[in-house]
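The values are calculated or read from the model by the stated rules, or taken from the named source; none is laboratory data. Since this is a predicted model, take the numbers as computed values, not measurements. Neighbour counts run over all protein chains shown; Cβ positions are idealised from the backbone, glycine included. Each accessible area value is taken on the protein alone, full model and side chains, heavy atoms only, with ligands, DNA and RNA left out. Shrake-Rupley method; radii C 1.70, N 1.55, O 1.52, S 1.80 Å.
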Amino acid sequence: MIMARPTLIRFKILLPAICLTLLNGCYEQHSSTESLCESYPQICAETNLNDGQCRLQRTKLIWQRYDVLKNPADIEKYKELKFTYEYQKCLDYAARIEPTNLKERKNNRAKALIASYRSIDRLNKELAHSTDPEIIYYRLTQGDKSALRQFLQLEGKPALETPELQLALATFYTDKDKEKTIQLLKHALELYEKGQGIKPEIIQSLATLSHQTKSIDSAYLWARVGSEFGIPVASQEKLVTYYPMPEEKRSLLNDKAEKISKAIQKGNFKARMAK
């Protein structure tokens, strides 16, 4: 028993040293962005740290760069790219502001803005051959023609089984096959889990496409679902004018819309509910 205490003390003293030598064995703790920048100045370089403008966007970007440093996966780089775009947008506005005292401050903002363009260019090049479906769709929206073929090849595969990517796929078919677009949008709603925020474009598109295909009951139904979610589709007065029907039928569709909206919110929606 006499020897146990010093042994335990030595163990406690050695533990921090052991943590420093084990890769990912212990996690670094940074209480502020400033401490993070002191440890990793490269992720804070050319971000105009001492400027009060764009503080929130800059902070998000720096911490995301730290995440990329620890895990350089494509999806983490894509997050960095999105945060860089947000930072760049803020800088673009801030660079036009005339500082009251220091001209140097405006020059630093301009330098940070130029650096953000370089970062975006670098990240786009690094992600040019990514196989992540979200990144493929991003490249498609940026005019990468090869990305369209890659994205469509993923149709029907688990990689696209998210509400956002089903919505993205549906946009491709909007002018080509409206019925297929409607089925894809319904499937997107099936993929929502309880508590997830619903993209209003899905319900708005279902109402619009149903109207275009002259599916009066469906158009009214999805417009009412939109109302349940607070999505502006059309007022009840306008819906009554657009879609004349017996009040008994209208009442049934109103009840159905309420049930569908609750099912979506609970993550229990099935496309057959909207037939």
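Does the range 97-120 include one or more residues that are open to solvent by 80 Å² or more (accessible area, probe 1.4 Å) and in contact with a Pro (Cβ under 8 Å, 6 or more places away or on another chain)?
Within the range 97-120, one or more residues are open to solvent by 80 Å² or more (accessible area, probe 1.4 Å) and in contact with a Pro (Cβ under 8 Å, 6 or more places away or on another chain).
Considering the range 40-86 alone, what residues qualify as being on the phi > 0 side of the Ramachandran plot and surrounded by fewer than 17 Cβ atoms within 10 Å (Cβ to Cβ)? Scanning the range 40-86 gives a single hit, 46.
From the list 141, 171, the one residue that fits, being open to solvent by 50 Å² or more (accessible area, probe 1.4 Å) and either touching a Lys or Arg at 6+ places or on another chain (Cβ under 7 Å) or under 22 Å from residue 123 (Cα atoms) (or both), is 141. Quick one: how many residues across the range 149-161 are in a helix (DSSP H, G or I) and open to solvent by less than 60 Å² (accessible area, probe 1.4 Å)? Adding up the residues that qualify gives 5. Only one of the numbered conditions (1) of a type in the set (Phe, Trp, Tyr); (2) farther than 27 Å from residue 200 by Cα; (3) modelled with pLDDT of 95 or more is not met by residue 93, and that is (3). Regarding the range 124-135, can at least one residue be identified that is in contact (Cβ under 8 Å) with a residue 60 or more places away in the chain, part of a helix (DSSP H, G or I), in contact with an Asp or Glu (Cβ under 9 Å, 6 or more places away or on another chain) and surrounded by 15 or more Cβ atoms within 10 Å (Cβ to Cβ)? Looking through the range 124-135, at least one residue is in contact (Cβ under 8 Å) with a residue 60 or more places away in the chain, part of a helix (DSSP H, G or I), in contact with an Asp or Glu (Cβ under 9 Å, 6 or more places away or on another chain) and surrounded by 15 or more Cβ atoms within 10 Å (Cβ to Cβ). Scanning the range 140-163 for residues that are over 14 Å from residue 130 (Cα atoms) and among the basic types (Lys, Arg) yields 145, 157. Just one of the numbered conditions (1) in contact (Cβ under 8 Å) with a residue 40 or more places away in the chain; (2) more than 25 Å from the chain's Cα centre (by Cα) is not true of residue 252: (1). Of all residues in the range 162-175, at least one satisfies being in contact with a Pro (Cβ under 7 Å, 6 or more places away or on another chain) and in a helix (DSSP H, G or I).
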